[in-house]
Amino acid sequence: MTKEIFITQKGIKDLLNDFLIKENTEVFGPVMKDGLSYISKLTPQTEITFDYFITVNSIKEALFPRYEPILRYNISKDNINITDIELDKKIIVFGGHPCDAASIPLMDKLFGWDYKDRFYLEREKNSIIITLACEEFDKNCFCTTLGYSPRGEIGSDILLERVNDETFRAKAVTEKGGKFIEENKSYFTPQANIDKKYPKITDKDIPIKFNKDNVKKWIEKNFEDPLWEKLTSNCVSCAACTFACPTCHCFDITDDAGMWKGIRTKNWDACTLPVFTLHASGYNPREFYWQRYRQRISHKYSYYVDLFSAISCTGCGRCSRVCGVGMNISEILKTISDAYTSQMESSVPASSK
Amino acid sequence: MEENIYLPYLMRISDIIDETYDTRTLRLEFVSDEDKKNFSFKAGQFGLYSAFSAGESTFCISSPPTRKDYIECTFRVIGRVTKALRNLNIGDTIGFRGPYGNFFPVSDEFKGKNVLFVAGGIGLAPVRCVIWNVLDLRDDFKDVTILYGARSVADLVYKRELTEWEKRKDVKLIRTVDPGGETPEWDGKIGFVPTVLEESGIKGNANSVAVVCGPPIMIKLTIPVLKKLGFLPDKIYTTLENKMKCGLGKCGRCNVGNFYVCKHGPVITAEKLETLPAEY
């Protein structure tokens, strides 16, 4: 067995701070703002926090920025000159939970499918994902329902588990993570007092909320079911759920330009917004709120599974936490999964009951 | 590092044709000889055309793959990008990414068969690519019939080509405009495309293929008529024209169920279309 290694909160702060002043490194970490915590791009002036349960946003924007140049161009009188974008920055992402990190292999499938989107894939290659195992959960959490764990390693390079009020055990999950610890050994410590009160939670504490396979089976057969409209009638198409989501990946491509030069950018977009699918003719295949929400749920729990053999959701519950009209995704999915069960029961011939 | 899949080719506008009051065709030639040499596509594929400083828009390639050295696109001026594209002149440079998506099996499934084309409005653009592809290899196919309709006489695109097809002995052309869209001089039919098709006397069998493109409502109403006329669902082809931004299966807006129009389409048979949720 390899020797255990630990890092204190101060060690983490020092480590991140020292990387911040190094050239060519972007550092992301949890920052408190107006009483809420966000994963933010750090500057030497920002102070990271350890006093949070889960950040409002996910770590998504470290690898898939909400606004990202994909090319630049200059326009001259009779020519266009295009310049490619360099992607050589190292990225350190600290403070996401296992449900954040678990989104990375899911996003890989999409961005690496057929055509390779190097903007995501390069960023991922250049990044170190340092994840905090959960010590708390709330009613919106449902990672265990999807087979994930509050102490899960999927997608992380380094997993930190709290062993006392000041210190974490650091587990190198990937080779990249191991190398990172090795190279930055001075910030880590070989010993720590193990406080018995940690870990505060394990997989068993987070209840299983619904049957994920039944959700897909119901979606496949019930595209036109009135339940969709009923379940999602509160939706106001604000797209907060998609922006907070670690696995929502839809984007728009737009030009940002003046007369003589410009950049083309990828920008976050959302299937819950009405113009997302609006045709030039004025026709919209997803005209109503519930049609768009149906797309969001069906994409994650059925279409993504067909294409990539994985559900595009990690059970982080962020979409429920940020929803302004109180739509709770795990409750919606439970209703769907129950609908499947009752459909099955009612379709069993009376004689065999 | 992987190559940047969002980098466009540079193309120069070599010709401009105004099809209608709001629809324009651009003929484009590669700026780089090497790009020109290496480029090839198949009928039904599409691309992303960019007016630098305005953005990108998705159109099919409306010229046939049998005519090398250039491609054409036809678009209606609706939004920011199409307005900017209209403001460009011959000699100006635009961006092009593509070809993307699947294609009509012109050189295998279509070969030796009767081919019926049904198009509505600007839906003739993707069909025109296949029509010329077929006509350029005319001996490979049996009867060629084209049924084309638009809202009004003013909305008919490719007017010069319609005249050309009308004159050809090896093509049967039926033109129609929606009721109320005719002019006193109009010598074609008056009626909606599915109705005109039903009354045309056209018959399909196992040896015929049909290509249908147009507004979603027209496609929905035309497919049942084609089936009634004897066309087999796996021999009826259409293209799904959902909004797209990347063309590469990433941006997430063109899907109909698990069918990504940009990757698995845009060409689809009526047989397959029936298995998808009715969200197109």
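Each value in this text was obtained by applying a stated rule to the coordinates, not by laboratory testing. Please read all numbers here as calculations on a predicted model, not as lab measurements. No Cβ is skipped: glycine too gets one built from the backbone with ideal geometry, and neighbour counts run over all protein chains shown.
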Filtered GluC sites (Glu not before Pro), segment A:243-352: DSSP coil and at most 14 other beta carbons within 10 Å: A:E287
Out of all Cα-Cα pairs in chain A, roughly what percent, to the nearest whole number, are more than 30 Å apart? 43
If you count, for every residue in B:52-59, the Cβ atoms of partner chains within 10 Å of its Cβ, what is the mean? 5
Give a residue-ordered list of calculated ³J(HN,Hα) values for segment B:146-156 (Karplus: 6.51 cos²θ - 1.76 cosθ + 1.60, θ = phi - 60°; whole Hz; x for Gly, Pro). 10, 10, 10, x, 9, 4, 8, 4, 5, 8, 5
Binned at 10 Å starting from 0, the alpha-carbon pair-distance distribution of segment A:212-343 in whole percents comes out as 12, 39, 33, 11, 4, 1, 0
Counting only Cα, what are the radius of gyration and maximum Cα-Cα distance Dmax of the protein assembly as shown, in Å? 28.1, 94
Cα gyration tensor, segment B:121-280 - rounded (a/c under 1.5), prolate or oblate: prolate
Which residue fluctuates the most in chain A, going by a Gaussian network model with Cα springs under 10 Å, if the choices are A:A240, A:A172, A:A257? A:A257
Across B:L147, B:L226, B:L88, the residue with the highest GNM fluctuation in chain B (Cα network, 10 Å cutoff) is B:L88
Please average, across the residues of B:2-14, the number of beta carbons from any other chain that are within 10 Å of each residue's own beta carbon, and give a whole number. 5
Restricting to Cα pairs under 8 Å and 6 or more apart, the percent relative contact order of segment A:230-305 works out to 29
Scoring segment A:212-343 by relative contact order with C-alpha pairs under 8 Å, at least six apart, yields a percentage of 33
Directionally averaged projected area (convex hull, Cα atoms, segment A:136-295), nm²: 16.3
Hey, got a sec? Which GluC sites (Glu not before Pro) in segment A:46-108 land in a DSSP loop and have at most 14 other Cβ atoms within 10 Å? A:E47, A:E86
Tell me the chymotrypsin sites (Phe, Trp or Tyr not before Pro) within segment A:1-103 that lie in a loop according to DSSP and have at most 12 other beta-carbon atoms within 10 Å. A:F53
Is segment B:238-280 best put as rounded, prolate or oblate by its Cα gyration tensor, with a ≥ b ≥ c the root eigenvalues, rounded for a/c under 1.5, and otherwise prolate when a/b is larger than b/c, oblate when not? prolate
Go ahead and run the numbers for FRET between B:T183 and A:A310, Cβ-Cβ distance against an R0 of 51 Å, rounding to 0.05. 0.35
Within segment A:264-279, the residues whose backbone N lies under 20 Å from a label point placed 7 Å from the Cα of A:K33 along the Cα-to-Cβ direction are A:267-270
Of segment A:149-189, those with amide N under 11 Å from the point 7 Å along the Cα→Cβ vector of A:K3 are A:189
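What does the average come to when, for each residue of peptide B:258-271, you count the partner chain Cβ atoms lying within 10 Å of its Cβ?
That average works out to 2.
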Eligible aspartates and glutamates near A:K261 by straight Cα distance, threshold 19 Å, same-chain separation 8 or greater: A:E68, A:D78, A:D84, A:E86, B:E56, B:D92
Would you mind counting up the charge near B:I61? Only other residues with Cβ under 14 Å from its Cβ, with Lys and Arg at +1 and Asp and Glu at -1. +2
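Which order do B:Y70, A:Y120 fall in if you start with the one that has the fewest other Cβ atoms within 10 Å?
Details: B:Y70 16, A:Y120 22.
Fewest-to-most Cβ neighbours within 10 Å comes out as B:Y70, A:Y120.
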In what sequence do A:D255, B:D92, A:D100, B:D170 fall when counting other Cβ within 10 Å, fewest first? B:D170, B:D92, A:D255, A:D100
Lys pairs, segment A:177-260 - Cα-Cα below 28 angstrom, 8 or more residues apart or on other chains: 18
Ranking B:H264, A:H249 by Cβ neighbours within 10 Å, fewest first, what do you get? B:H264, A:H249
Going residue by residue through segment B:253-268, the Karplus relation 6.51 cos²θ - 1.76 cosθ + 1.60 with θ = phi - 60° gives ³J(HN,Hα) values, rounded to whole Hz and with x marking Gly or Pro, of 10, 9, 5, 10, x, 8, 9, 7, 4, 6, 9, 8, x, x, 7, 8
